[in-house]
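The block underneath contains the structure these notes are about, expressed in C-alpha coordinates.
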Amino acid sequence: MGKITAAITGIQGWVPEDVLTNKDFEKMVDTTEEWIMTRTGIKERHIQKGKGKATSDMAVEAVIGLLKKTNTKPEEVELLICATVTPDMIHPATANIISDKAGIKNAFSFDMNAACSGFLFALVTASKFIEAGGYKKIIVVGADKMSSITDYTDRTTCVLFGDAAGAVMLEPSTEGYGILDSSTHADGSGRIYLHQKAGGSLKPASHETVDAHEHFIYQEGQAVFKFAVTRMADVAAEIMERNQLASDDIAYLVPHQANMRIIDATARRMGINKDKVMINIERYGNTTNATIPMCLYEWENKLKKGDNLILAAFGGGFTWGSIYLKWAYEAK
Ligand code: ACO
(Lines give C-alpha, C1' and ligand atoms only; values in the text may rest on other atoms or scores of the structure.)
Protein backbone atom coordinates (compact mmCIF):
# COMPACT_ATOMS: atom_id res chain seq x y z
CA MET A 1 0.00 0.00 0.00
CA GLY A 2 1.28 3.47 -0.90
CA LYS A 3 1.78 6.34 1.50
CA ILE A 4 -1.49 7.84 2.79
CA THR A 5 -2.18 11.38 1.60
CA ALA A 6 -5.23 13.58 2.23
CA ALA A 7 -7.29 14.13 -0.91
CA ILE A 8 -10.10 16.61 -1.44
CA THR A 9 -13.03 14.49 -2.60
CA GLY A 10 -15.76 17.14 -2.69
CA ILE A 11 -16.28 20.88 -2.44
CA GLN A 12 -19.22 23.19 -1.87
CA GLY A 13 -19.49 26.98 -1.60
CA TRP A 14 -22.23 29.32 -0.45
CA VAL A 15 -22.79 33.07 -0.56
CA PRO A 16 -25.72 35.10 0.80
CA GLU A 17 -28.08 36.77 -1.69
CA ASP A 18 -27.63 40.45 -0.84
CA VAL A 19 -24.99 42.35 -2.79
CA LEU A 20 -23.13 45.59 -2.05
CA THR A 21 -21.74 47.20 -5.20
CA ASN A 22 -19.01 49.81 -5.59
CA LYS A 23 -21.77 52.23 -6.61
CA ASP A 24 -23.47 51.60 -3.23
CA PHE A 25 -20.23 52.61 -1.46
CA GLU A 26 -20.22 55.95 -3.28
CA LYS A 27 -23.35 56.79 -1.24
CA MET A 28 -21.87 55.51 2.04
CA VAL A 29 -18.28 56.87 2.17
CA ASP A 30 -16.00 59.25 0.26
CA THR A 31 -14.96 56.89 -2.55
CA THR A 32 -15.48 56.14 -6.23
CA GLU A 33 -16.29 53.01 -8.19
CA GLU A 34 -13.09 53.59 -10.12
CA TRP A 35 -10.81 53.86 -7.03
CA ILE A 36 -12.13 50.62 -5.59
CA MET A 37 -11.80 48.72 -8.87
CA THR A 38 -8.31 49.94 -9.78
CA ARG A 39 -6.83 49.64 -6.25
CA THR A 40 -8.44 46.32 -5.28
CA GLY A 41 -10.05 44.58 -8.29
CA ILE A 42 -13.37 44.30 -6.42
CA LYS A 43 -16.71 45.18 -8.07
CA GLU A 44 -19.18 43.75 -5.57
CA ARG A 45 -19.44 41.58 -2.46
CA HIS A 46 -22.21 39.50 -0.89
CA ILE A 47 -23.48 40.45 2.56
CA GLN A 48 -25.39 38.27 5.02
CA LYS A 49 -28.39 40.24 6.22
CA GLY A 50 -31.11 39.41 8.72
CA LYS A 51 -31.27 39.26 12.48
CA GLY A 52 -29.97 36.09 14.08
CA LYS A 53 -27.93 35.10 11.01
CA ALA A 54 -24.33 34.17 11.79
CA THR A 55 -21.22 32.64 10.26
CA SER A 56 -22.41 29.15 11.21
CA ASP A 57 -25.56 29.58 9.09
CA MET A 58 -23.49 30.14 5.94
CA ALA A 59 -21.13 27.32 6.89
CA VAL A 60 -24.04 24.93 7.45
CA GLU A 61 -25.35 25.66 3.93
CA ALA A 62 -21.94 24.71 2.53
CA VAL A 63 -21.54 21.65 4.79
CA ILE A 64 -25.02 20.23 4.10
CA GLY A 65 -24.48 20.76 0.36
CA LEU A 66 -21.13 18.99 0.64
CA LEU A 67 -22.62 16.02 2.52
CA LYS A 68 -25.31 15.64 -0.19
CA LYS A 69 -22.87 16.01 -3.05
CA THR A 70 -20.41 13.47 -1.64
CA ASN A 71 -23.18 11.10 -0.58
CA THR A 72 -21.94 11.20 3.01
CA LYS A 73 -24.10 10.57 6.06
CA PRO A 74 -23.52 13.21 8.77
CA GLU A 75 -22.63 10.49 11.30
CA GLU A 76 -19.73 9.32 9.09
CA VAL A 77 -17.81 12.58 9.61
CA GLU A 78 -15.06 12.17 12.22
CA LEU A 79 -13.64 15.69 12.47
CA LEU A 80 -14.85 19.14 11.42
CA ILE A 81 -12.53 22.14 11.51
CA CYS A 82 -13.94 25.62 10.97
CA ALA A 83 -11.52 28.36 9.96
CA THR A 84 -13.01 31.73 10.86
CA VAL A 85 -12.25 35.14 12.34
CA THR A 86 -15.93 35.88 12.85
CA PRO A 87 -17.12 33.08 15.15
CA ASP A 88 -20.81 33.14 16.15
CA MET A 89 -19.58 33.73 19.71
CA ILE A 90 -16.14 33.87 21.36
CA HIS A 91 -16.97 30.40 22.69
CA PRO A 92 -18.04 27.71 22.10
CA ALA A 93 -16.31 27.07 18.80
CA THR A 94 -18.38 27.77 15.69
CA ALA A 95 -17.29 24.31 14.47
CA ASN A 96 -19.35 22.78 17.32
CA ILE A 97 -22.38 24.86 16.33
CA ILE A 98 -22.02 23.86 12.65
CA SER A 99 -21.76 20.16 13.56
CA ASP A 100 -24.87 20.43 15.72
CA LYS A 101 -26.91 22.24 13.04
CA ALA A 102 -25.76 19.82 10.31
CA GLY A 103 -26.52 16.68 12.38
CA ILE A 104 -22.84 15.70 12.60
CA LYS A 105 -22.89 13.78 15.88
CA ASN A 106 -19.81 11.54 15.85
CA ALA A 107 -17.16 14.14 15.08
CA PHE A 108 -15.00 16.24 17.33
CA SER A 109 -14.70 19.78 16.09
CA PHE A 110 -12.77 22.97 16.71
CA ASP A 111 -12.10 26.40 15.23
CA MET A 112 -8.91 27.70 13.71
CA ASN A 113 -8.06 31.38 13.78
CA ALA A 114 -5.29 32.32 11.39
CA ALA A 115 -7.08 35.22 9.66
CA CYS A 116 -6.93 34.95 5.87
CA SER A 117 -4.57 31.95 6.05
CA GLY A 118 -6.99 30.04 8.27
CA PHE A 119 -8.49 27.78 5.62
CA LEU A 120 -5.04 26.84 4.34
CA PHE A 121 -3.73 26.16 7.87
CA ALA A 122 -6.87 24.12 8.66
CA LEU A 123 -6.38 22.07 5.50
CA VAL A 124 -2.77 21.31 6.50
CA THR A 125 -3.88 20.40 10.06
CA ALA A 126 -6.66 18.11 8.82
CA SER A 127 -4.30 16.43 6.36
CA LYS A 128 -2.06 15.34 9.26
CA PHE A 129 -4.98 13.48 10.92
CA ILE A 130 -5.58 11.61 7.65
CA GLU A 131 -1.88 10.90 7.01
CA ALA A 132 -1.48 9.48 10.54
CA GLY A 133 -4.14 6.87 9.67
CA GLY A 134 -7.43 6.28 11.47
CA TYR A 135 -9.34 9.24 10.03
CA LYS A 136 -11.40 8.63 6.88
CA LYS A 137 -13.70 11.65 6.56
CA ILE A 138 -12.83 15.16 7.67
CA ILE A 139 -14.64 18.38 6.74
CA VAL A 140 -12.74 21.66 6.61
CA VAL A 141 -14.98 24.70 6.33
CA GLY A 142 -13.83 28.28 5.84
CA ALA A 143 -16.55 30.80 6.68
CA ASP A 144 -16.69 34.46 7.57
CA LYS A 145 -19.35 37.06 8.11
CA MET A 146 -16.86 39.88 7.56
CA SER A 147 -19.74 42.39 7.48
CA SER A 148 -20.09 41.82 11.25
CA ILE A 149 -16.61 43.28 11.94
CA THR A 150 -16.48 45.85 9.12
CA ASP A 151 -16.77 49.55 9.90
CA TYR A 152 -18.96 50.92 7.13
CA THR A 153 -17.81 54.46 7.94
CA ASP A 154 -14.12 53.62 7.27
CA ARG A 155 -13.48 53.87 3.52
CA THR A 156 -10.05 52.28 3.81
CA THR A 157 -11.42 48.90 4.92
CA CYS A 158 -15.17 48.71 4.26
CA VAL A 159 -14.85 48.27 0.50
CA LEU A 160 -12.62 45.21 0.85
CA PHE A 161 -14.68 42.55 2.59
CA GLY A 162 -17.62 40.23 1.89
CA ASP A 163 -19.39 37.23 3.45
CA ALA A 164 -19.21 33.61 2.27
CA ALA A 165 -18.52 29.99 3.23
CA GLY A 166 -16.83 27.06 1.52
CA ALA A 167 -16.35 23.45 2.67
CA VAL A 168 -14.23 20.54 1.49
CA MET A 169 -14.29 16.82 2.27
CA LEU A 170 -10.88 15.23 2.94
CA GLU A 171 -10.38 11.47 2.59
CA PRO A 172 -7.31 9.21 2.46
CA SER A 173 -5.69 8.41 -0.88
CA THR A 174 -3.03 5.79 -1.46
CA GLU A 175 -2.57 6.77 -5.11
CA GLY A 176 -0.69 10.01 -4.57
CA TYR A 177 -3.59 12.48 -4.76
CA GLY A 178 -4.29 15.35 -2.39
CA ILE A 179 -2.01 17.48 -0.25
CA LEU A 180 1.55 16.56 -1.19
CA ASP A 181 3.49 19.40 0.43
CA SER A 182 2.92 22.54 2.45
CA SER A 183 4.78 25.48 3.89
CA THR A 184 3.18 27.49 6.71
CA HIS A 185 4.44 30.56 8.56
CA ALA A 186 3.48 33.12 11.20
CA ASP A 187 5.01 36.32 12.53
CA GLY A 188 3.08 37.82 15.43
CA SER A 189 4.97 41.11 15.25
CA GLY A 190 2.72 41.90 12.27
CA ARG A 191 -0.29 42.19 14.60
CA ILE A 192 0.22 45.94 14.93
CA TYR A 193 -0.82 46.44 11.29
CA LEU A 194 -3.99 44.32 11.22
CA HIS A 195 -6.19 43.51 14.22
CA GLN A 196 -9.37 44.14 16.17
CA LYS A 197 -8.58 46.32 19.14
CA ALA A 198 -11.36 45.32 21.53
CA GLY A 199 -13.51 42.37 22.49
CA GLY A 200 -10.66 40.15 23.68
CA SER A 201 -9.12 39.77 27.14
CA LEU A 202 -6.78 42.71 26.49
CA LYS A 203 -9.67 45.15 26.09
CA PRO A 204 -13.04 43.64 26.95
CA ALA A 205 -16.14 45.21 25.43
CA SER A 206 -17.31 48.43 27.07
CA HIS A 207 -19.33 51.50 26.07
CA GLU A 208 -16.03 53.24 25.30
CA THR A 209 -14.76 50.48 23.00
CA VAL A 210 -18.03 50.43 21.09
CA ASP A 211 -18.10 54.24 20.76
CA ALA A 212 -14.50 54.17 19.48
CA HIS A 213 -15.37 51.56 16.77
CA GLU A 214 -12.80 49.20 18.28
CA HIS A 215 -14.73 46.02 17.51
CA PHE A 216 -14.08 46.47 13.79
CA ILE A 217 -11.10 45.55 11.60
CA TYR A 218 -8.17 47.92 11.99
CA GLN A 219 -5.75 47.76 9.06
CA GLU A 220 -2.76 49.77 7.92
CA GLY A 221 -3.32 48.82 4.31
CA GLN A 222 -0.03 49.83 2.78
CA ALA A 223 2.10 48.04 5.40
CA VAL A 224 0.01 44.89 5.07
CA PHE A 225 0.19 45.12 1.29
CA LYS A 226 4.01 45.19 1.33
CA PHE A 227 4.25 42.06 3.48
CA ALA A 228 1.45 40.25 1.63
CA VAL A 229 2.88 40.83 -1.81
CA THR A 230 6.32 39.43 -0.96
CA ARG A 231 5.38 36.68 1.49
CA MET A 232 2.64 35.13 -0.66
CA ALA A 233 4.81 35.13 -3.78
CA ASP A 234 7.88 33.83 -1.89
CA VAL A 235 6.06 30.93 -0.25
CA ALA A 236 4.37 29.87 -3.51
CA ALA A 237 7.74 29.97 -5.32
CA GLU A 238 9.33 27.97 -2.45
CA ILE A 239 6.75 25.17 -2.81
CA MET A 240 7.28 25.05 -6.57
CA GLU A 241 11.06 24.82 -6.26
CA ARG A 242 10.95 22.24 -3.49
CA ASN A 243 8.76 19.98 -5.64
CA GLN A 244 10.66 20.69 -8.88
CA LEU A 245 7.53 22.15 -10.46
CA ALA A 246 7.90 24.42 -13.49
CA SER A 247 5.09 26.85 -14.33
CA ASP A 248 3.95 24.50 -17.14
CA ASP A 249 3.43 21.72 -14.58
CA ILE A 250 0.83 23.77 -12.72
CA ALA A 251 -2.82 23.65 -13.77
CA TYR A 252 -3.95 26.46 -11.47
CA LEU A 253 -2.73 28.88 -8.82
CA VAL A 254 -5.44 29.22 -6.15
CA PRO A 255 -4.60 32.44 -4.30
CA HIS A 256 -6.31 34.07 -1.33
CA GLN A 257 -8.38 36.94 -2.78
CA ALA A 258 -7.39 40.08 -0.83
CA ASN A 259 -6.30 42.39 -3.63
CA MET A 260 -5.95 41.87 -7.39
CA ARG A 261 -2.48 43.44 -7.33
CA ILE A 262 -1.24 40.87 -4.76
CA ILE A 263 -2.67 38.02 -6.87
CA ASP A 264 -0.99 39.41 -10.03
CA ALA A 265 2.38 39.72 -8.26
CA THR A 266 2.20 36.12 -7.02
CA ALA A 267 1.32 34.79 -10.47
CA ARG A 268 4.14 36.82 -12.07
CA ARG A 269 6.68 35.50 -9.55
CA MET A 270 5.56 31.93 -10.36
CA GLY A 271 5.65 32.57 -14.12
CA ILE A 272 1.99 31.63 -14.41
CA ASN A 273 -0.39 33.15 -16.99
CA LYS A 274 -3.57 34.79 -15.75
CA ASP A 275 -5.76 32.13 -17.41
CA LYS A 276 -4.25 29.63 -14.94
CA VAL A 277 -5.09 31.71 -11.87
CA MET A 278 -8.41 31.27 -10.05
CA ILE A 279 -9.77 34.79 -9.58
CA ASN A 280 -13.24 35.74 -8.36
CA ILE A 281 -12.36 38.73 -6.17
CA GLU A 282 -14.40 41.03 -8.44
CA ARG A 283 -17.65 39.31 -7.37
CA TYR A 284 -17.00 38.51 -3.71
CA GLY A 285 -14.23 40.77 -2.35
CA ASN A 286 -12.12 39.39 0.47
CA THR A 287 -14.21 36.76 2.27
CA THR A 288 -11.20 35.85 4.48
CA ASN A 289 -11.48 32.11 5.20
CA ALA A 290 -13.87 31.43 2.32
CA THR A 291 -11.80 32.76 -0.60
CA ILE A 292 -9.83 29.61 -1.42
CA PRO A 293 -12.72 27.10 -1.09
CA MET A 294 -15.00 29.46 -3.07
CA CYS A 295 -12.43 29.49 -5.90
CA LEU A 296 -12.10 25.68 -5.89
CA TYR A 297 -15.90 25.40 -5.86
CA GLU A 298 -16.35 27.68 -8.86
CA TRP A 299 -13.57 25.98 -10.84
CA GLU A 300 -14.54 22.42 -9.82
CA ASN A 301 -15.99 21.55 -13.24
CA LYS A 302 -12.79 22.56 -15.01
CA LEU A 303 -10.47 20.54 -12.77
CA LYS A 304 -9.11 17.22 -13.97
CA LYS A 305 -7.87 14.27 -11.94
CA GLY A 306 -4.11 14.71 -11.50
CA ASP A 307 -4.08 18.50 -11.94
CA ASN A 308 -1.34 20.17 -9.92
CA LEU A 309 -2.65 23.11 -7.89
CA ILE A 310 -0.74 25.61 -5.78
CA LEU A 311 -2.76 27.22 -2.99
CA ALA A 312 -1.34 30.39 -1.43
CA ALA A 313 -2.56 32.72 1.31
CA PHE A 314 -1.51 35.68 3.42
CA GLY A 315 -3.41 37.16 6.35
CA GLY A 316 -3.51 38.90 9.68
CA GLY A 317 -1.11 37.70 12.34
CA PHE A 318 0.82 37.85 10.11
CA THR A 319 0.22 34.37 8.76
CA TRP A 320 1.06 32.96 5.34
CA GLY A 321 1.48 29.65 3.58
CA SER A 322 1.21 27.53 0.49
CA ILE A 323 0.04 24.01 -0.38
CA TYR A 324 0.94 21.75 -3.31
CA LEU A 325 -2.18 19.72 -4.07
CA LYS A 326 -2.84 17.04 -6.69
CA TRP A 327 -6.55 17.15 -7.59
CA ALA A 328 -8.23 13.77 -6.99
CA TYR A 329 -11.39 13.65 -9.13
CA GLU A 330 -13.39 14.93 -12.07
CA ALA A 331 -16.76 16.52 -11.23
CA LYS A 332 -19.77 14.59 -12.52
N1 ACO B 1 -11.69 55.34 -1.72
C2 ACO B 1 -10.94 56.40 -2.02
N3 ACO B 1 -9.77 56.64 -1.46
C4 ACO B 1 -9.32 55.77 -0.54
C5 ACO B 1 -10.05 54.65 -0.17
C6 ACO B 1 -11.30 54.44 -0.79
N7 ACO B 1 -12.09 53.39 -0.51
N8 ACO B 1 -9.37 53.96 0.76
C9 ACO B 1 -8.24 54.63 0.96
N10 ACO B 1 -8.20 55.73 0.18
C11 ACO B 1 -7.17 56.76 0.12
C12 ACO B 1 -6.35 56.83 1.38
O13 ACO B 1 -7.00 57.60 2.37
C14 ACO B 1 -5.11 57.49 0.86
O15 ACO B 1 -5.32 58.86 0.76
P16 ACO B 1 -4.18 59.91 1.19
O17 ACO B 1 -3.02 59.62 0.26
O18 ACO B 1 -4.82 61.21 0.98
O19 ACO B 1 -3.86 59.58 2.63
C20 ACO B 1 -4.96 56.91 -0.56
O21 ACO B 1 -6.25 56.42 -0.91
C22 ACO B 1 -3.97 55.78 -0.65
O23 ACO B 1 -4.21 54.86 0.43
P24 ACO B 1 -3.39 53.54 0.60
O25 ACO B 1 -3.80 52.86 1.86
O26 ACO B 1 -1.94 53.86 0.39
O27 ACO B 1 -3.93 52.73 -0.66
P28 ACO B 1 -3.41 51.39 -1.25
O29 ACO B 1 -3.10 51.58 -2.66
O30 ACO B 1 -2.37 50.76 -0.37
O31 ACO B 1 -4.71 50.47 -1.20
C32 ACO B 1 -5.58 48.67 0.16
C33 ACO B 1 -5.35 50.19 0.03
C34 ACO B 1 -6.52 48.26 -0.95
C35 ACO B 1 -6.20 48.37 1.51
C36 ACO B 1 -4.24 47.92 0.01
O37 ACO B 1 -3.27 48.53 0.81
C38 ACO B 1 -4.31 46.45 0.34
O39 ACO B 1 -4.89 45.67 -0.37
N40 ACO B 1 -3.63 46.01 1.42
C41 ACO B 1 -3.47 44.60 1.76
C42 ACO B 1 -4.75 43.98 2.26
C43 ACO B 1 -4.48 42.55 2.68
O44 ACO B 1 -3.86 41.78 1.98
N45 ACO B 1 -4.90 42.19 3.89
C46 ACO B 1 -4.56 40.89 4.42
C47 ACO B 1 -5.70 39.99 4.46
S48 ACO B 1 -7.06 40.65 5.37
C49 ACO B 1 -7.19 39.64 6.78
O50 ACO B 1 -6.34 38.89 7.12
C51 ACO B 1 -8.49 39.81 7.59
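The values are calculated or read from the model by the stated rules, or taken from the named source; none is laboratory data. Please read these numbers as outputs of a predicted model, since none were measured by experiment. As a convention, Cβ positions derive from the backbone with ideal geometry for all residues, glycine included, and neighbour counts pool all protein chains shown. The area values use the complete protein model at the heavy-atom level, side chains included, leaving out ligands, DNA and RNA. Shrake-Rupley method; radii C 1.70, N 1.55, O 1.52, S 1.80 Å.
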Partner lysines whose C-alpha sits under 17 Å from that of Lys49, ignoring same-chain residues fewer than 8 away, are Lys145
Percent RCO, i.e. relative contact order, over the chain, from Cα pairs under 8 Å lying at least 6 residues apart:
26 percent
Residue farthest toward the positive end of the dipole of the chain, with Cβ of Lys/Arg at +1 and Asp/Glu at -1: which of Tyr324, Gly41, Gly285?
Tyr324
Mean Kyte-Doolittle of at least 0.0 and a Cα length of 30 Å or more along the axis: which whole DSSP H helices of the chain meet both?
221-242
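Just the accessible area per residue of the chain, please: how many Å² with a 1.4 Å probe? Could you put the intermediate results ahead of the total?
Details: 14490 Å² over 332 residues.
Here the residues of the chain average 44 Å² of exposed surface.
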Share of the chain's accessible area from carbon and sulfur, percent, 1.4 Å?
51 percent
Towards the positive end of the charge dipole of the chain, with charges on Cβ (+1 Lys, Arg; -1 Asp, Glu), say which of Thr150, Ile130, Ala59 has the farthest Cα.
Ile130
Which percent, to the nearest 5, of DSSP beta bridges fully inside the chain are antiparallel?
70 percent
Yeah, the range 5-176 with a ≥ b ≥ c from its alpha-carbon gyration tensor (a/c under 1.5 is rounded, else prolate when a/b outruns b/c, oblate otherwise) is prolate
How much mean residue ellipticity at 222 nm does the chain get from its helices, if each DSSP H run of length 4 or more adds -39500 (n - 2.57) and you divide by all residues, to the nearest 500 deg cm²/dmol?
-9500 deg cm²/dmol
Using alpha-carbon positions, the gyration tensor of the range 180-326 gives root eigenvalues a ≥ b ≥ c; with a/c under 1.5 called rounded, otherwise prolate if a/b exceeds b/c, else oblate, the class is prolate
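What dipole magnitude, in Debye to the nearest 20, does the range 71-138 give about its Cα centre under +1 on Lys/Arg Cβ and -1 on Asp/Glu Cβ? Working shown, then result.
On the way: 6 positive and 7 negative charges, 27 e Å.
Dipole of the range 71-138, to the nearest 20 debye: 120 debye.
Let's see if you can work this out: charge +1 on each Lys and Arg Cβ, -1 on each Asp and Glu Cβ, no other charges. What is the dipole magnitude of the chain about its Cα centre, in debye to the nearest 20?
Values: 36 positive and 41 negative charges, 95 e Å.
Dipole magnitude for the chain comes out near 460 debye.
May I ask you to derive the relative contact order of the range 197-332, considering only C-alpha pairs under 8 Å and at least 6 residues apart, and to give it as an integer percent? Write out the running numbers ahead of the final one.
Values: 189 pairs, mean separation 34.9, N = 136.
Contact order relative to length: 26 percent.
Is the chain best put as rounded, prolate or oblate by its Cα gyration tensor, with a ≥ b ≥ c the root eigenvalues, rounded for a/c under 1.5, and otherwise prolate when a/b is larger than b/c, oblate when not?
On the way: a/c = 1.64, a/b = 1.24, b/c = 1.32.
Cα axes put the chain in the oblate bin.
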